[in-house]
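Okay, structure first, notes after.
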Amino acid sequence: MRIATLALLVSLLSACGGARPAVEHPHAATTDDAALGVHTPALAALLRESWEAELEEDPFLATLLGDHRFDDRVPDLSREAIAHRREVELSELTRARAMESEIAPEDLVTYRLFVDIHESAIALHVCESELWNDSPVSNLVVALNQIAQLHSFRTADDARTYVARVRGFARMFDQDLDNLRAGAASGRVAPRTSLERLIELVDRTIASPSSEWTVVTVPLASAEALTEDERASLRTELLAAIESDVRPAIVRFGAGLTADILPHARDSAHEGISSLPDGAACYAANIRHHTSTPRSAEELHALGEREVAATDARMVELGQRLFGVATLAEVILHLRADDSLGYATGDAILEDARARVAAAEARAPEFFSERPEQACEVVAIPAAEAASAPFAYYFPGAPDGSRGGMFFVNTADPTSRRRHMLASLAAHEAVPGHHFQISIAQTLPDMPAFRRNGGFTAYTEGWGLYAERLADEMGLYDDLDRLGATDLEAFRSARLVVDTGVHAMGWSRTQAEDYMRAHTSMPDDLIVNEVDRYLNWPGQALAYKVGQLELLALRAEAEAALGDRFDRREFHALVLGTGAVTLPVLGEVVRAWIASR
């Protein structure tokens, strides 16, 4: 869970039309609803205790979900706290297994998911990730830049708790460095190139005035409800906290990375996780964790190669139609070199993103019987993190409706951002992708909090890729958009090859980057960022295609079985109405629905 709430939401990495009403009766992310809909008393008690511990140990998550009891706190990243959390996970799993025979039939899916989450988390202990996996994408500097997005600034007390939380980042930076030093001593350390780029990010942060940091500018810009004196006080206290505590901690962090961690970094011949102690077991655990299936690296590598071959052929077909070129290399060169495919300004990117999502929302009623009521908006990725950020990502809204979903778009270097990709990115991250999936899950009735507000990567990212395909069915693409969607699908398919390549087959970073250049038109900076992400987040990139292919297969199975009785609105309501479950559970739910029809 280490800083996952902020730095890894992403994937996690919307212009959701005009103003829309907030959810009227949302389920708050509190202990009271942790066992909503659960009939087995022992399981309900365990879910309440587990959810309360989760919110208290990850106060960022609590704030994200609208529980403001811990808004002045930060997570404890110390080795002692990590050891305690692992003991709690083991204890909760033991308790759950002991009650298996008394679980009510209505609770079986919830029970299985709770056990699966714990088994997966415990299997990941072998990785000791907190000792090494800081990267340019996932780190406390990025978390500091993003923290203001969680907060509202309506009262002086809101400002006070925010300042206290920001001050707490100093302790986290020191704890993180302590963990990395312990990792270096035990042979667990990040790749050299990743560390060098992280150090560059730290140096850029230190070199800029505190008053220009996103952690300062965002709250001051959004604190319109505060009086002038309260705003002035917020600025003064925030800058004081940064100058006295946070900035010195970042300086210590950067110095420690350079002196104590970088000299031990993995070199270019040992960048994959297999070079770490217990690396093979760690990768197997990550494959299981992210795909919710027991597939091997070799099987997934071969699947990726087949999928890349298919996208290669589609890109050539579309490239011939659009540009009159005959080979994949020519298509890719044209997409990279044609200046007309870039944007003139960052504002032009935002305007296009808003138009794309508005068009998707207009068509959504034909494809979805249930749609989010939650407001959302397009937001530019903060300049401080843009250099290491993807083109776009989604940030969920709060279940209480106080904050809508946000579709973050990278507006830095607009001429390098390709127009042909934005339609499918908007479909994946916003409508009908992550915004629909997450916002609907947050308001599902009679479902425990961990199911509404959590989930499994293969489901969530599989839905995102499914949404990209669905956008074409919704009439949202022209041929250029269709080529962009194919290009992005090639990117996701290549991830299967590259992730397994670097972690299980001895590939170097250069091999991984060259493979992605040969099969996609992604710009070099994005490819470098993505390979960094794979090296430091093993297995996560596998979930996208695995989940998408399962969703497409289940829909095809339903269409074949039901014929004219198949209703895509009902199918989408069923899939989104389960919450983000494992792929095996999703298959059972869909097949039960088919049988009932």
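Go through segment 371-447 and tell me which helices (runs of 4 or more DSSP H), entirely inside it, have 2 or more residues that are closer than 24 Å to residue 462 by Cβ and out of contact with any Asp or Glu (no Cβ under 7 Å at 6 or more places or on another chain).
The helices (runs of 4 or more DSSP H) meeting that bar are 419-429, 434-442.
Within segment 566-597, take every residue that is part of a loop (DSSP other than H, G, I, E, B) and buried (at least 17 other Cβ atoms within 10 Å of the Cβ) and give me the one that is farthest from the chain's Cα centre (by Cα).
Here is the first cut: in segment 566-597, the ones part of a loop (DSSP other than H, G, I, E, B) are 566-567, 578-582, 597.
With buried (at least 17 other Cβ atoms within 10 Å of the Cβ) added as a condition, the list becomes 578-582.
On the way: 578: 20, 579: 16, 580: 13, 581: 16, 582: 17 Å.
The selected residue is 578.
I want to confirm something. Restricting to segment 339-359 and keeping residues that are open to solvent by 40 Å² or more (accessible area, probe 1.4 Å) and charged (D, E, K, R), which single residue is modelled with the lowest pLDDT?
Initial filter on segment 339-359 (open to solvent by 40 Å² or more (accessible area, probe 1.4 Å)): 339-340, 344-345, 347, 351, 354-356, 358-359.
Those still in the list that are charged (D, E, K, R) too: 339, 347, 351, 354, 356.
Values: 339: 91, 347: 96, 351: 97, 354: 95, 356: 95.
Once the filter is applied, the top-ranked residue is 339.
Among the helices (runs of 4 or more DSSP H) confined wholly to segment 292-365, which include 1 or more residues that are out of contact with any Leu (no Cβ under 9 Å at 6 or more places or on another chain) and polar (S, T, N, Q)? Working first, answer last.
On the way: elements: 297-323, 328-337, 346-363.
Because the criterion is at least 1 residues that are out of contact with any Leu (no Cβ under 9 Å at 6 or more places or on another chain) and polar (S, T, N, Q), the helices (runs of 4 or more DSSP H) in segment 292-365 that meet it are 297-323.
Looking only at segment 540-565, count every residue that is under 30 Å from the mean Cα position of the chain (by Cα) and open to solvent by 40 Å² or more (accessible area, probe 1.4 Å) and tell me the total. Steps first, answer last, please.
Quick first cut of segment 540-565, residues under 30 Å from the mean Cα position of the chain (by Cα) only: 540-558.
Remaining after also requiring open to solvent by 40 Å² or more (accessible area, probe 1.4 Å): 549-550, 552-553, 556-557.
Of the residues in segment 540-565, 6 are under 30 Å from the mean Cα position of the chain (by Cα) and open to solvent by 40 Å² or more (accessible area, probe 1.4 Å).
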Task: Scan of segment 70-82 for residues that are in a loop (DSSP other than H, G, I, E, B) and not hydrophobic (A, V, I, L, M, F, W, C), ordered by number - done: 71, 72, 73, 75, 76, 78
Task: Given (1) within 23 Å of residue 462 (Cβ to Cβ); (2) in contact with a Leu (Cβ under 8 Å, 6 or more places away or on another chain), number of the condition residue 512 does not satisfy - done: (2)
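Inside segment 188-232, can you point out the residues that are in a helix (DSSP H, G or I), among the small types (Gly, Ala, Ser) and farther than 30 Å from residue 273 by Cβ? Give the steps one after another, and end with the answer.
If we filter segment 188-232 for residues that are in a helix (DSSP H, G or I), which is where we start, we get 192-207, 210-212, 214-222, 228-232.
Imposing the further condition that a residue be among the small types (Gly, Ala, Ser) reduces the set to 194, 207, 210-211, 221-222, 232.
Passing the criteria: 207, 210, 211, 221, 222, 232.
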Task: Number of the condition not met by residue 523 [criteria: (1) over 24 Å from residue 586 (Cα atoms); (2) open to solvent by less than 10 Å² (accessible area, probe 1.4 Å)] - done: (2)
TODO: State whether one or more residues within segment 254-267 are at pLDDT below 95, more than 17 Å from residue 135 (Cα to Cα), over 26 Å from the mean Cα position of the chain (by Cα) and not in a helix (DSSP H, G or I).
DONE: no
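Condition check: modelled with pLDDT of 95 or more and not basic (Lys, Arg). Does residue 422 satisfy that?
On the way: modelled with pLDDT of 95 or more: yes; not basic (Lys, Arg): yes.
Spelling it out, residue 422 is indeed modelled with pLDDT of 95 or more and not basic (Lys, Arg).
Could you list all residues from segment 178-187 that are open to solvent by 10 Å² or more (accessible area, probe 1.4 Å) and either closer than 20 Å to residue 249 by Cβ or within 24 Å of the chain's Cα centre (by Cα) (or both)? Quick ask: steps written out before the conclusion?
Going residue by residue through segment 178-187, those that are open to solvent by 10 Å² or more (accessible area, probe 1.4 Å) are 178, 181-182, 184-187.
178, 181, 182, 184 - these are the residues of segment 178-187 that are open to solvent by 10 Å² or more (accessible area, probe 1.4 Å) and either closer than 20 Å to residue 249 by Cβ or within 24 Å of the chain's Cα centre (by Cα) (or both).
So, residue 274, is that one among the hydroxyl-bearing types (Ser, Thr, Tyr), farther than 30 Å from residue 408 by Cα, open to solvent by 40 Å² or more (accessible area, probe 1.4 Å) and part of a loop (DSSP other than H, G, I, E, B) or not?
Taking the combined requirement at face value, the residue does not satisfy it.
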Open item on the list: What's the number of the only condition in (1) buried (at least 17 other Cβ atoms within 10 Å of the Cβ); (2) part of a helix (DSSP H, G or I); (3) over 25 Å from the mean Cα position of the chain (by Cα); (4) not acidic (Asp, Glu) that residue 94 fails to meet?
Closed with: (1)
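Among the residues of segment 125-142, how many are part of a helix (DSSP H, G or I) and modelled with pLDDT of 95 or more? Even if it seems obvious, please write down each step before you answer.
Step one: of segment 125-142, the residues part of a helix (DSSP H, G or I) are 125-127, 129-131, 140-142.
From what is left, the residues that are modelled with pLDDT of 95 or more are 125-127, 129-131, 140-141.
Here the count works out to 8.
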Open item on the list: Just checking, does segment 62-69 include any residue being in a loop (DSSP other than H, G, I, E, B) and either open to solvent by 80 Å² or more (accessible area, probe 1.4 Å) or more than 29 Å from residue 246 (Cβ to Cβ) (or both)?
Closed with: yes
TODO: Of the numbered conditions (1) at pLDDT below 95; (2) open to solvent by less than 10 Å² (accessible area, probe 1.4 Å), residue 509 fails exactly one; give the number of that condition.
DONE: (2)
TODO: Could you please find all residues in segment 360-404 being of a type in the set (Gly, Ala, Ser), over 22 Å from residue 579 (Cβ atoms) and surrounded by fewer than 20 Cβ atoms within 10 Å (Cβ to Cβ)?
DONE: 362, 380, 383, 386, 387
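The values are calculated or read from the model by the stated rules, or taken from the named source; none is laboratory data. What you see is a predicted model, and the numbers here were worked out from it, not measured in a lab. Cβ coordinates were reconstructed from backbone atoms using ideal geometry, including for glycine residues, and neighbour counts include every protein chain displayed. Just so you know, the surface numbers come from the protein's heavy atoms only, side chains and all, with ligands and any DNA or RNA stripped out. Shrake-Rupley method; radii C 1.70, N 1.55, O 1.52, S 1.80 Å.
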